[in-house]
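The values are calculated or read from the model by the stated rules, or taken from the named source; none is laboratory data. The model shown is predicted, which means the values in this text are computed figures rather than measured ones. Glycine also receives a Cβ, built like all others from the backbone with ideal geometry; neighbour counts cover every protein chain displayed. For the accessible areas, the whole protein counts, side chains as well, though only heavy atoms, and no ligand, DNA or RNA atoms are used. Shrake-Rupley method; radii C 1.70, N 1.55, O 1.52, S 1.80 Å.
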Amino acid sequence: MSETKMAQGRAEVDEANRRFMEAFERGDAASVAALYAEDAVALPPDAPMISGRAEIEKFWQGLMAAGARGLNLVTLRLAGSGDVLHEVGRATITIQPEGGETSTQTVKYVVVWERDPAGRLALAVDTWNGESAG
């Protein structure tokens with residue numbers, strides 16, 4: 001991939017991640033899900049595979065309802081072609097259940113971004129799991 005195309009892809013992923021984090025902070029599962037492809041697949045840890053944007057929205061809504069309040073995404077690696085990129089990163093999730101104490105969880109993730117028919121990069125595959133210290 002040319003440096004120009006990679007820089008463009010990086011800018012698009014950075015912008016999508018910014019929008020993801022902002023929507024998550026607002027508790028807006030619909031806006032989070034809108035960043036996924038219609039036929040996207042999410043692979044959360046220790047849970048069944050989730051297929052399709054509507055089901056992914058339900059998943060994020062449930063997590064938000066359980067107290068997930070904040071999210072910070074950090075891209076560690078981004079590579080691929082103009083139409084398909086893979087991102088490896090680390091995320092910190094802030095959780096504050098109603099009446100409970102605030103905690104944070106760090107996860108590592110891999111995302112596959114694919115360009116949709118309109119030319120927009122969308123999350124096609126999203127998987128993550130916990131990361132222990134050390």
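Observations on the structure shown:
- Ranked packing of 125-132, 35-42, most packed first, by mean Cβ within 10 Å: 35-42, 125-132
- Based on the convex hull around the alpha carbon atoms, the chain presents an average projected area of 8.4 nm².
- Solvent-accessible area, 1.4 Å probe, carbon plus sulfur percent, for the range 66-117: 51 percent
- Annotation: for a label point projected 7 angstrom from Cα along Cα→Cβ of residue 79, residues of the range 109-134 with backbone N closer than 15 Å are 110-113.
- Per residue, the chain exposes 56 Å² of accessible surface when a 1.4 Å probe is rolled over the protein heavy atoms with every protein chain present.
- Label point 7 Å beyond Cα of residue 15 along Cβ direction - residues of the range 84-122 with amide nitrogen under 13 Å: 119-122
- Peptide ranges 43-52, 76-85 listed from the most packed, as the mean C-beta count within 10 angstrom indicates: 76-85, 43-52
- Here the spin labels are modelled as points 7 Å beyond Cα on the Cα-Cβ line, and at residue 96 and residue 25 they lie 1.3 nm apart.
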